[in-house]
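> The following block contains the structure, expressed as structure tokens.
The values are calculated or read from the model by the stated rules, or taken from the named source; none is laboratory data. Computed from a predicted model, the values in this text were never measured in an experiment. Glycine gets a Cβ as well: all are built from the backbone with ideal geometry, and neighbour counts include every protein chain shown.
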2 protein chains.
Amino acid sequence: MNLPELIKSNSERKYFAVYPENPKAYPENLQAEGLAAFQARFNTNYTFIDDNASNFIGEEVSPYLQTGIGIKYAQFDANTIVNNASNSFNIWKKTDLDLRIKVLTNSLDRVKERFFEMAYATMHTTGQSFLMSFQASGPHACDRALEVIASAVEQLNAYPHKVAWTKNFGKFDLTLNKNYKAIPKGVSLAIGCSTFPTWNSIPGIYASLITGNTVIVKPHPKAVYPIAIFIDELKKELKANNLPTTVIQLAIDSSENPLAKILAENDKVKMIDYTGGNLMGDYIEGLHKTTFTEKSGINSVILESVKNIDSVAQNIAFSAALYSGQMCTAPQNIYVPADGIDTEDSKLTFDEVKDKIIDAVKGLIANPKAAAPTLGAIQNDATSKRIESVKANFPQHIQLSDLQVVNAEFENARIKSVNVLVVNASEENIYLKEYFGPLICIVKTENRDQSVAIAKKSAEKNGAITCLAFCINLDRMDFIEEEMNSVYTPVSFNFTGAAFVNQHAAWSDLHVSGGNPSGNASFTNANFINNRYIWIGNRYML
Amino acid sequence: MNLPELIKSNSERKYFAVYPENPKAYPENLQAEGLAAFQARFNTNYTFIDDNASNFIGEEVSPYLQTGIGIKYAQFDANTIVNNASNSFNIWKKTDLDLRIKVLTNSLDRVKERFFEMAYATMHTTGQSFLMSFQASGPHACDRALEVIASAVEQLNAYPHKVAWTKNFGKFDLTLNKNYKAIPKGVSLAIGCSTFPTWNSIPGIYASLITGNTVIVKPHPKAVYPIAIFIDELKKELKANNLPTTVIQLAIDSSENPLAKILAENDKVKMIDYTGGNLMGDYIEGLHKTTFTEKSGINSVILESVKNIDSVAQNIAFSAALYSGQMCTAPQNIYVPADGIDTEDSKLTFDEVKDKIIDAVKGLIANPKAAAPTLGAIQNDATSKRIESVKANFPQHIQLSDLQVVNAEFENARIKSVNVLVVNASEENIYLKEYFGPLICIVKTENRDQSVAIAKKSAEKNGAITCLAFCINLDRMDFIEEEMNSVYTPVSFNFTGAAFVNQHAAWSDLHVSGGNPSGNASFTNANFINNRYIWIGNRYML
């Protein structure tokens, strides 16, 4: 279970998800049961085992149905929640690491029993397709949680519990007994986003919990249900072990009366995990607390030489279309030199490359079996409106506008297909902004060096989580990697087939580097664990 | 050389300094040669191998002679220095880790040849005694540097350089090649203090260098010479390996025209190591850069039960007198319950305990062999004046004022012996402030629980690097440890004989926890290394 140990000892690794990502790997009856469980929640209060609230609120809307799902959650004021967290901290911090491991890993196994309910909960809050909802919110989130637990176990054992230390002073020895303790920082706040309510929040939640901190989860008010399943099962497992159920709490709020800043500014809240936009993220980072942020960024595609343009264009089209560009890892700007790109034996003009990409998008969207499941639905109207306003501002640059897509299962689904702008490198005012949603820009650069220079500048200034590059010249690959790595952006080279830049696998891929404006933390490096507690060494002379 | 590995594998550890701390362990001629080398520097320019400056400045004053020593250093403007560091970063970051290890460890061995010159340089800038000057600036600083190098080698090997990753998709396998790279953050600034110019700065300097960053050293203008020796030898070793000598640079400034803020605010400076007062330290932490600070704090002594009050009183007296209380680890406030303390078979009244401590201080200061070498000299007049103004403000609380001490070797030495105030716990306005220098407060508390409560509150609010506790009841020891650890302050229990709370040994003691206002970093935990670079994982499909 220990990532660094595993990959240190193997230069070749087979990847087996601990929780299988294929729904078909689970007993056949579970899907129907999950759907039934999901439907049974409609228009009810979601109560946890320790709820004693008088007020319940909720405002989730299904992007597939475009109606509210009517689920409400117990509402408490911020002070009550923080005081609960502060009180249970005094018990949880003293709980043996072995028991913390047991509670947390058991909670994942409990969640596993609800993977299909989780999938529907995710689908009908985020707009992800069924398959992505299943994988991202269930198995992949649980794998990330296990990775965090394993990494924490390694870090928390960096020093021995006790050691006898002897120093020779010539005529005599001085012996001191010493101990080393990892003292957790206290109450932790996890602020979630509306698109990946579990995958993005679970690593921070489990990292805080395994290191002895208590956690308040403040989800996006439009995407509560998926993370409520985790909270539910954690509370049950805590209770089963006679531990306070307020070690984990849900802080429900509404769009009209948000709680995030009230909680974040509370003196007892020592750490904040945050996923979301820049404005709020910058505010969080400015609080002088321990923070772990994932904010926005612009992901680039650098296109300069290829083996086969068709498979490359298909790869780009799929990455841009997947969940309608609402993934933090989705590519936005595709840099193509004005003088075209090299193939193994010829050259393609800029227009040929551009047309190949647009045709690949059209082909994907025109495929009735592929389009709807790839695009999913748009999580909220603001995203659709933002894309429309960009198109209204730059009508002369649009070379592919929304294509009609029918979702046979959900006729009211909020769907928007991939839009393509084509711009010149000089038009930075158009493309050097993040357009969250289904819009990509094909940028005509003066030459391949300018492509890399702009992608680098953009990552440094606007942030970037990923960079996808197509290049079959080894020296140029080194150059691209070095330039993009120098602004702390990882590069994925020559992805075709089943490899997509959007995917960051647990146990292998570091998600967000923490080194550019897209965020200050990384799933899961040592800092992601170690910043949640303080090492203390005590000394004894007896 | 690897701390975590060593102490993980051994529950019993013998401590051998890599660089012996006893001057007698070195060839006999070295002390005289070191003194001669030191004296030869008087009233000269200290030039490095790469100096091409036209202007030299310096303002160091010997606390033993109370005259300037006349050594001047090449002055450059901030932009020149930062640009040099930025340019050499592009080479140093690409230098193999093995070569970086070689350069850095060789530089320590070069410095070892100058340990005696270093001792005199430290003595006549900081006012430390000869023995402390020798140990702290030479062997102990080099041990801390080696500890940092070893720890970095461990951290930098947390991931393999390359790995082949295979994921099964049912009908086929997808294989990606992945690499993991530690990308350094860039130009690092080390701001030094006037009392421990090498011991406090060397860990951060070597931690930045070993992880591939270049370093600008901005020492206190009154304590340049000791760190100049390190810079000198690093430059020589860099040159010997055909590497740019500006990987390490001295930024000399003056009290009238300080450079620290100008350098710290430069956009190209990405990291700052800082030792010094709170005002500047809080400013540094507020810059939104990566910072490693050691600021001020108030260290407590909790006295509640003892085996032998005489050895305890002697231990406290020595810790308070050592280098005239100018160590960041020196105790200031001694909490004694109004109803006295327990011994194994009887009880001591508050007054008996207080008198024992005062008598122990008097005894130490009255001992002509011990007094001068223990006290050393006061680094600067401001410290003496500060202590005098405290005494002038609270004359009725003074129970021991400066005793006359003669330094036979240096009749002009700036000496100040230990002052003792006795106060009630309610008089927080007197004792809950840091008095840097030779002044301790014996605080009469209502009871032993109040002692712990005040020490805890003080650590949380004012910061604390250490806490010394005397307690022979195991349950109370647990209680004290838990309470002080909860505010991220380590406790040293029942130190007598050769064990002093002031000492933090490399390879075993974490110096500053990073969890309270005394500083945000720790020598040497994983964060002290890992915060200096960013892990990046690239992926290839070929």
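> Pairs needed: first member in region A:115-134, touching a residue at least 24 places away in the same chain (Cβ under 8 Å) and on the phi > 0 side of the Ramachandran plot; second member anywhere, basic (K, R) and part of a loop (DSSP other than H, G, I, E, B); C-beta distance under 9 Å; at least 6 residues apart or different chains.
Qualifying pairs under 9 Å: A:G127/A:R414.
> Count, please, the residues in region A:371-396 that happen to be closer than 22 Å to A:V423 by Cα, in a helix (DSSP H, G or I) and of a type outside the set (G, A, S).
The first filter runs over region A:371-396 and keeps only residues closer than 22 Å to A:V423 by Cα, leaving A:383-396.
When the remaining residues are screened for being in a helix (DSSP H, G or I), the result is A:383-393, A:395-396.
Narrowing the set further to residues that are of a type outside the set (G, A, S) leaves A:383, A:385-388, A:390-391, A:393, A:395-396.
Count: 10.
> Taking interchain pairs and intrachain pairs at least six residues apart, which have beta carbon atoms under 6 angstrom, with the first residue in region A:480-505 and at the interface with chain B (Cβ under 7 Å from one of its Cβ atoms) and the second aromatic (F, W, Y) and assigned to a strand (DSSP E or B)?
Between residues of region A:480-505 that are at the interface with chain B (Cβ under 7 Å from one of its Cβ atoms) and residues that are aromatic (F, W, Y) and assigned to a strand (DSSP E or B), the close pairs are A:F493/B:Y540; A:N494/A:F470.
> With B:L421, B:L468 as the choices, which residue is buried (at least 22 other Cβ atoms within 10 Å of the Cβ), touching a Ser or Thr at 6+ places or on another chain (Cβ under 6 Å) and modelled with pLDDT of 95 or more? Lay out the reasoning, then the answer.
On the way: B:L421 fails: touching a Ser or Thr at 6+ places or on another chain (Cβ under 6 Å).
Matching residue, one of B:L421, B:L468: B:L468.
> Now for a different question. Which numbered condition trips up B:K218, out of (1) within 12 Å of chain A (Cβ to nearest Cβ); (2) under 29 Å from B:G34 (Cα atoms)?
That leaves (1) as the condition not met.
> Hey, can you tell me all the residues within region B:339-354 that are exposed (fewer than 15 other Cβ atoms within 10 Å of the Cβ) and under 25 Å from B:E428 (Cα atoms)?
Initially, region B:339-354 is screened for residues exposed (fewer than 15 other Cβ atoms within 10 Å of the Cβ), giving B:339, B:344-347, B:349, B:351-352.
Correct list: B:D339, B:T349, B:D351, B:E352.
> Next question, about the same structure. When region B:506-525 is examined, which residues are found to be at the interface with chain A (Cβ under 7 Å from one of its Cβ atoms) and on the phi < 0 side of the Ramachandran plot? Steps first, answer last, please.
Here is the first cut: in region B:506-525, the residues at the interface with chain A (Cβ under 7 Å from one of its Cβ atoms) are B:508-510, B:513-515, B:522, B:525.
Residues satisfying the conditions are B:S508, B:D509, B:L510, B:S513, B:G515, B:S522, B:N525.
> Return the total of residues in region B:507-536 being touching a residue at least 40 places away in the same chain (Cβ under 8 Å), out of contact with any Phe, Trp or Tyr (no Cβ under 8 Å at 6 or more places or on another chain) and within 18 Å of B:A141 (Cα to Cα).
Of the residues in that region, 3 qualify.
> Now for a separate question. Determine which member of the set A:L131, A:L99, A:L108, A:L156 is under 17 Å from the mean Cα position of the chain (by Cα), at pLDDT 95 or above and not basic (K, R). Walk me through how you get there before you give the answer.
Values: A:L99 fails: under 17 Å from the mean Cα position of the chain (by Cα); A:L108 fails: under 17 Å from the mean Cα position of the chain (by Cα); A:L156 fails: under 17 Å from the mean Cα position of the chain (by Cα).
Exactly one residue qualifies, and that residue is A:L131.
> Now, a different point. Within region B:88-106, does at least one residue satisfy the condition of being over 28 Å from B:P184 (Cβ atoms) and touching a residue at least 24 places away in the same chain (Cβ under 8 Å)? Give the steps one after another, and end with the answer.
Within region B:88-106, the first condition is being over 28 Å from B:P184 (Cβ atoms), and the residues that meet it are none.
Taking every residue of region B:88-106 in turn, none turns out to be over 28 Å from B:P184 (Cβ atoms) and touching a residue at least 24 places away in the same chain (Cβ under 8 Å).
> Does A:V301 fit the bill of being in a helix (DSSP H, G or I) and closer than 25 Å to A:V452 by Cβ?
Values: in a helix (DSSP H, G or I): no; closer than 25 Å to A:V452 by Cβ: yes.
Against the criterion (in a helix (DSSP H, G or I) and closer than 25 Å to A:V452 by Cβ), A:V301 does not qualify.
> Next question. Any chance region A:233-243 includes a residue that's buried (at least 17 other Cβ atoms within 10 Å of the Cβ) and closer than 30 Å to A:C467 by Cα?
no
> Could you tell me whether region B:292-305 includes any residue that is in contact with a Gly (Cβ under 8 Å, 6 or more places away or on another chain), within 14 Å of chain A (Cβ to nearest Cβ) and either buried (at least 24 other Cβ atoms within 10 Å of the Cβ) or closer than 18 Å to B:S513 by Cα (or both)? Talk me through it step by step, then tell me what you get.
Our first condition is that a residue be in contact with a Gly (Cβ under 8 Å, 6 or more places away or on another chain); within region B:292-305, this holds for B:292-298.
Checking the rest, the ones that are also within 14 Å of chain A (Cβ to nearest Cβ) come to B:292-293.
The next check asks that each one be either buried (at least 24 other Cβ atoms within 10 Å of the Cβ) or closer than 18 Å to B:S513 by Cα (or both); those that pass are B:292-293.
Within region B:292-305, one or more residues are in contact with a Gly (Cβ under 8 Å, 6 or more places away or on another chain), within 14 Å of chain A (Cβ to nearest Cβ) and either buried (at least 24 other Cβ atoms within 10 Å of the Cβ) or closer than 18 Å to B:S513 by Cα (or both).
> If you don't mind, there's one more thing I want to ask. What are the residues in region B:171-183 that are more than 17 Å from A:F500 (Cβ to Cβ) and free of Cβ contacts under 8 Å to residues at least 40 places away in the same chain, if any? Outline the logic, then answer.
First, pick out the residues of region B:171-183 that are more than 17 Å from A:F500 (Cβ to Cβ): B:171, B:179-183.
Within region B:171-183, B:K171 is the sole residue that qualifies.
> Another one. If you take the residues of region A:491-542 that are among the β-branched types (V, I, T) and under 21 Å from A:A150 (Cβ atoms), which of them is nearest to the chain's Cα centre (by Cα)?
At the first step, the residues of region A:491-542 found to be among the β-branched types (V, I, T) are A:491, A:496, A:501, A:512, A:524, A:529, A:534, A:536.
Next cut, under 21 Å from A:A150 (Cβ atoms) only: A:512, A:524, A:529.
Values: A:V512: 9, A:T524: 12, A:I529: 17 Å.
Among them, the one singled out is A:V512.
> Now for a different question. Checking B:D267 against (1) more than 14 Å from chain A (Cβ to nearest Cβ); (2) not in a strand (DSSP E or B), which test does it fail?
With respect to (1) more than 14 Å from chain A (Cβ to nearest Cβ); (2) not in a strand (DSSP E or B), B:D267 is out only on (1).
> Moving on. What residue, of A:D351, A:D342, is more than 14 Å from A:I316 (Cβ to Cβ) and outside any helix (DSSP H, G or I)?
Every option except A:D342 fails the conditions.
> Next question. Restricting to region A:196-215, name every residue that is β-branched (V, I, T) and under 14 Å from the mean Cα position of the chain (by Cα). Can you show your working first?
Initial filter on region A:196-215 (β-branched (V, I, T)): A:198, A:202, A:205, A:210-211, A:214-215.
Correct list: A:T198, A:I202, A:I205.
> Cβ contacts < 9 Å: first residue assigned by TED's automatic domain parsing to the domain that holds A:V423, restricted to region A:382-399; second residue part of a helix (DSSP H, G or I) and among the hydrophobic types (A, V, I, L, M, F, W, C), any location; separation 6+ or different chain. Result?
A:V390/A:I430; A:N393/A:I430; A:F394/A:I430; A:H397/A:I430; A:Q399/A:I358
> Is it fair to say B:L279 is more than 14 Å from every other protein chain (Cβ to nearest Cβ), within 20 Å of the chain's Cα centre (by Cα) and surrounded by fewer than 24 Cβ atoms within 10 Å (Cβ to Cβ)? Spell out how you get there, then give the answer.
Working: more than 14 Å from every other protein chain (Cβ to nearest Cβ): yes; within 20 Å of the chain's Cα centre (by Cα): yes; surrounded by fewer than 24 Cβ atoms within 10 Å (Cβ to Cβ): yes.
Yes.
> So in region B:464-497, with the set limited to residues that are in contact with a strand residue (DSSP E or B) (Cβ under 6 Å, 6 or more places away or on another chain) and β-branched (V, I, T), which one is farthest from B:I298 (Cα to Cα)?
B:I472
> Just to verify a result, which residue in region B:413-472, among those that are without any contact (Cβ under 8 Å) to a residue 40 or more places away in the chain and among the acidic types (D, E), is nearest to B:H124 (Cα to Cα)?
B:E428
> Would you confirm, using the coordinates I've provided, whether A:A207 is farther than 16 Å from A:K93 by Cα and out of contact with any Leu (no Cβ under 8 Å at 6 or more places or on another chain)? Show your work before the answer.
Details: farther than 16 Å from A:K93 by Cα: no; out of contact with any Leu (no Cβ under 8 Å at 6 or more places or on another chain): yes.
The answer is no for A:A207.
> Go through (1) at pLDDT 95 or above; (2) of a type outside the set (V, I, T); (3) more than 28 Å from the chain's Cα centre (by Cα) for B:F48 and report which single condition fails.
The failed condition is (3).
> Consider region B:315-345. How many of its residues are polar (S, T, N, Q), closer than 18 Å to B:V422 by Cα and over 20 Å from the mean Cα position of the chain (by Cα)?
1
> Specify the residue that is farthest from the other protein chains (Cβ to nearest Cβ); the eligible residues are those in region B:19-63 that are aliphatic (A, V, I, L, M) and in a helix (DSSP H, G or I).
Among them, the one singled out is B:A40.
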